Amino acid sequence: MKIQKLVLYGFGQHENVEINFQSGMNLLYGPNEAGKTTIQQAILQILFGFPQKNQQELRYEPKTGGKYGGCLYMTDEEFGSWMIERVRGKSSGDVTIHYEDGRTASEEELKRLLRGYDRPAFEAIFSFSLFQLQGLEKMDEEDISRTLLASGTTGLDTLWKIEKRMDKELAGLFKKAGRNPLINQKLKELKELEIEKQKEQQKLSSFEPLTLRKQQVYEQLQALRVEEQQLYEQVEEQRIAMQVLPLQQQQQQVKEQLNAIVHKQFPADGIRRYEELASKQSELHSKKERLLKEQQQIAEEFAVRPYSEQQQIERWVAQEAEWHRLRGDVLSAEQEIRTLEKKRQQAKQRLGVTEEQQLAIEEMDVSIQRERQLEPLVQEQTTAEQQVQALNRMLAEAESDRQEAEQQKIWLAQQRPTEAEYQKLKQLPTVKKKLDEAKARVAIGTSSSSRPIALFFIVMGLVIGAYGVWQQDWIIIGIGIVTVASALWILKKNPVSSGEQETFINQNESLVVELERLKDRIYEYERQSEQLEREITRLDRKLEKLAAELEQVYNQKEQSRLALTQAVRQDPIDSTANIQENFRLLREYQDIVNEQRTWENRLTSNKQQIQQLLEQVEELLGPIPSDVLYERLRGELTKQKEHKEKNRQRQRQIEECNHQLGEANAQLQLVHQEIGELFRLTNVSEKEQYYAAYQQVQDAQLLQRQLAEIHSQLALYSKEPLLFDWTLPELERKRTDTTERLQALRKELTVLVDEQATVDHALAQMESSKTYSEIQQLFEVKKAELDELAKQWMVRKAVMESIRQTMSSWKEHQLPAVLHLANTWFSRLTGNRYSTLQLTGEGYFQAVTTSGQSFMMNELSQATKEQAYLSLRLALASVLADRAPFPIIMDDPFVHFDNERLSRMIEILKEIQPSHQLIYFTCHEEMKTKWAGETAVIEVGK
């Protein structure tokens, strides 16, 4: 269950506030008095209702008197998306549930959506604050263990509080060694009254014997009255027995006769049914014997080859055309081989080869591809001869050009400038630059006086700059600065004396002209030298290239010769002279030889197929001449088909006979079963016994009719005594004895009744004493009060036992899963210093270190207690995630944690984020930086 959005109409200091939440971590930050607690209470009160006005919790009604309440937009995997709205109404507010499909619901539906949780149960598991952690420091060992146990089972300590209250009330009712408890006081008062009662009874010493006698007389009277009633019943029973005894004796005789009959049951219409079945059985036996004789007569079978052999003969007959084709191919192949032999001899004569060369020519490669391979080799050799001649001619021309270039190089070396001329030329740039500057200065000096102009520009720049400063315009200030800088540059460049500059120009102008000419001559010399060097280099490269090409052509020529020699080395004859004609003749010869071989192979293959087929047929049918092979096969196939058809007809007759025989056997078995069923019902095994049983059944039916008449007479009596062993004289004697005992009993009853009246009168006088009766009455009152207190004690004791059993059940079923997860987180929070939290047999929690040492909870530091408490609370929420996936609301519980503990706690909360939405309220700004990742930070109060 996730909260998507909170809308507050009016709640405390917040009016018309809307807050959006994300499904993971939501951090609500704001300073003190910003309204964070108000938002927390708004979430709880919208879900679980506004507090009553007489309760301690604040109702947070709007300060300005606006609309009281708000709504929460929720999403739930089980119930989908829905919105709960709670506004002012009845004591806890009017609730409306809105679903996406437009349906609405009320308070009852909200209980289902909240899984039956109320606010205390929700806050005990899914909401905690700093104040709860600080309260652990003030608790003793028992309180801490109870709190931790509640945190790991239900989250509520209500049962523990109830148990403590019941225990206190039990102590107020009764203690073994106590004096003040109410039950102890009542017991003391009863003991005192008992003593007074005994003292009063001692005064009446004869009271107890009379009381005992009264009880004895009462018991004797009851026993005599019971005996009197029994004697009256015996008298009545004996009277009826005098009438019933003769009928019972007759009934016994009939039953003995019935028991002597063995067969008392017989099938309905059994004699007729048996005779019909016996007749039918005889007819079926005759039919079965007739069918067995017919079956023996048609048992002989015609000889038929196996199915595989029949299929083989059919395949051979189907291949008759192939047989005749093979024989025709043999004759054609023999004629074609003779013709090709004549052609081969003619080709041999045209080639003029010997018998030894003949075999080599047959294997020689004379394909068009090889002919084309040899033609380029011959052509390549011819081309190589021509290239050698052309390269020799080009090589001679290049050597002649190289000699001319060397002679020109010698002449040019004689014209090379001296080293002094090169040094003199280096002065040209410097002299020329100075000369140009002098001419420029002379030109400026002769046109006007530059110094007044420069001073004028300086004044103007200063004025412009002052104006720009006054106007605060940076552009005007920049123009003034540029004007002053230009005037200063002019003053710097203006020579002190223009005459000295003219003298310098006259002295160096002719030198510059001379150096310019020297520069042109040196440049022309270097250009020609460079051009001649390039020409010589080009000619050298050309000579090297021609020499390499000549060597390459020689190599190609030699390779062509070797390749041609290698290509025809294995040939039995030289075919390179007239390669096209020789290869044509050789191909014709090889074609004749190959065709002759093909016909020979075909002839051999056909003969092998004929011989193979003949051998297969002879293996099945015996020796057969090849000329009449297929006449014999067709005859054998016809014979097998006739035998097969005759056997098929015989098989149909056998099947029909077997079918009739099976029906007869089935009918015989059915008749036999029916006869056996008749015998089984009669419990006999033979025909004679069956008829004897029929007669016994007729006799039994007669006796049963007599027994029914006796039963109808006995049914007239309401009670039937068991007098099977009595005789009439014995019955008369018993009746007399009973009457005499009844008269004596009446006399004893008269004596006891008189004695009872005398004893009652004496006791009544003793009990009329006023002191004894008052003590007895007070004793009964105190005893009733003690009973009422005992009931109250038992009720409270039962409640305590129920609470303990409930807590024991939670410890056994729910606590292990919570402890398993809590131990993991507790170990992580304590930096693996402690490994587990254990619950002792006395119900106290212990923290166990990784080395196995145990510490009671009061022996731990406040920080470790808080870590244990948080581990159990978060583990319980995680275990209940499937049944109660509520958001976890935290009110600054980690503000006192150091950075390391806080980092570990944040890691654990991130593990819970997939199953629970987290809402964290804080007034500490540094907490915003602690939560890295996708955390929604909501500023409260802005």
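Kindly indicate the residue of the range 832-850 that is among the small types (Gly, Ala, Ser) and at pLDDT below 85 and also most open to solvent (accessible area, probe 1.4 Å) among those meeting that condition. If we take residues in the range 832-850 being among the small types (Gly, Ala, Ser) and at pLDDT below 85, then 841 is most open to solvent (accessible area, probe 1.4 Å). Checking each residue in the range 863-884 for being open to solvent by 20 Å² or more (accessible area, probe 1.4 Å) and farther than 19 Å from residue 839 by Cα picks out 863, 878, 882, 883.
Look at the range 829-852: where a residue is within 17 Å of residue 817 (Cα to Cα) and a partner is assigned to a loop (DSSP other than H, G, I, E, B) and among the hydroxyl-bearing types (Ser, Thr, Tyr), sitting 6+ places away or on another chain with Cβ atoms under 6 Å, you get 835/850.
Take the conditions (1) assigned to a helix (DSSP H, G or I); (2) touching a Gly at 6+ places or on another chain (Cβ under 9 Å); residue 40 misses just one of them, which is (2). Scanning the range 64-93 for residues that are aliphatic (A, V, I, L, M) and touching a residue at least 40 places away in the same chain (Cβ under 8 Å) turns up 72, 74, 87. Within the range 74-106, the set of residues being outside any loop (DSSP other than H, G, I, E, B) and open to solvent by 50 Å² or more (accessible area, probe 1.4 Å) comprises 94, 98, 104. Checking each residue in the range 505-532 for being in contact (Cβ under 8 Å) with a residue 60 or more places away in the chain and closer than 30 Å to residue 398 by Cβ picks out 525, 528, 529, 532. Summed over the range 766-812, residues that are aromatic (Phe, Trp, Tyr), at pLDDT below 70 and under 60 Å from the mean Cα position of the chain (by Cα) total 1.
With respect to being part of a helix (DSSP H, G or I), more than 30 Å from residue 732 (Cα to Cα), modelled with pLDDT under 75 and assigned by the TED database to the domain that holds residue 703, residue 208 fits the description.
Of the residues in the range 52-66, none is outside any loop (DSSP other than H, G, I, E, B) and either aliphatic (A, V, I, L, M) or modelled with pLDDT of 85 or more (or both). Here residue 496 passes the criteria (1) modelled with pLDDT of 80 or more; (2) open to solvent by 80 Å² or more (accessible area, probe 1.4 Å) except the one numbered (1).
Looking only at the range 1-40, count how many residues are polar (S, T, N, Q), under 23 Å from residue 880 (Cβ atoms) and open to solvent by 10 Å² or more (accessible area, probe 1.4 Å). Here the count works out to 4. Looking only at the range 45-60, residues that are crowded, with 16+ Cβ neighbours inside 10 Å and either not basic (Lys, Arg) or not assigned by the TED database to the domain that holds residue 920 (or both) come to 8 in all.
Against the test of being in a loop (DSSP other than H, G, I, E, B) and among the aliphatic types (A, V, I, L, M), the options 881, 877, 847 yield a single qualifying residue, 881. If you go through the range 614-633 and pick out every residue that is in contact with a helix residue (DSSP H, G or I) (Cβ under 7 Å, 6 or more places away or on another chain) and open to solvent by 90 Å² or more (accessible area, probe 1.4 Å), you end up with 1. Among the residues of the range 85-114, those identified as over 15 Å from residue 73 (Cβ atoms) and of a type in the set (Lys, Arg) are 88, 90, 103, 111, 112.
Residues are listed down the side, and each one gets a yes or a no for (1) assigned to a loop (DSSP other than H, G, I, E, B); (2) modelled with pLDDT of 80 or more; (3) surrounded by 10 or more Cβ atoms within 10 Å (Cβ to Cβ):
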residue: 250; (1), (2), (3): no, no, yes
residue: 262; (1), (2), (3): yes, no, yes
residue: 266; (1), (2), (3): yes, no, yes
residue: 271; (1), (2), (3): no, no, yes
residue: 274; (1), (2), (3): no, no, yes
residue: 294; (1), (2), (3): no, no, yes
residue: 299; (1), (2), (3): yes, no, no
residue: 302; (1), (2), (3): yes, no, yes
residue: 310; (1), (2), (3): no, no, yes
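The lone criterion from (1) more than 60 Å from the chain's Cα centre (by Cα); (2) at pLDDT 75 or above; (3) not in a helix (DSSP H, G or I) left unmet by residue 185 is number (3). Taking the criterion of being under 30 Å from residue 667 (Cβ atoms) and aromatic (Phe, Trp, Tyr), the residues of the range 223-277 that qualify are 266, 274. Taken together, the criteria place residue 569 among residues that are at pLDDT below 75, over 60 Å from the mean Cα position of the chain (by Cα) and open to solvent by 80 Å² or more (accessible area, probe 1.4 Å).
The values are calculated or read from the model by the stated rules, or taken from the named source; none is laboratory data. Not measured: the values here are computed from a predicted model. Positions of Cβ are backbone-derived with ideal geometry, glycine not excepted, and every protein chain shown enters the neighbour counts. Areas reflect the complete protein model, heavy atoms only, side chains present, ligands, DNA and RNA absent. Shrake-Rupley method; radii C 1.70, N 1.55, O 1.52, S 1.80 Å.
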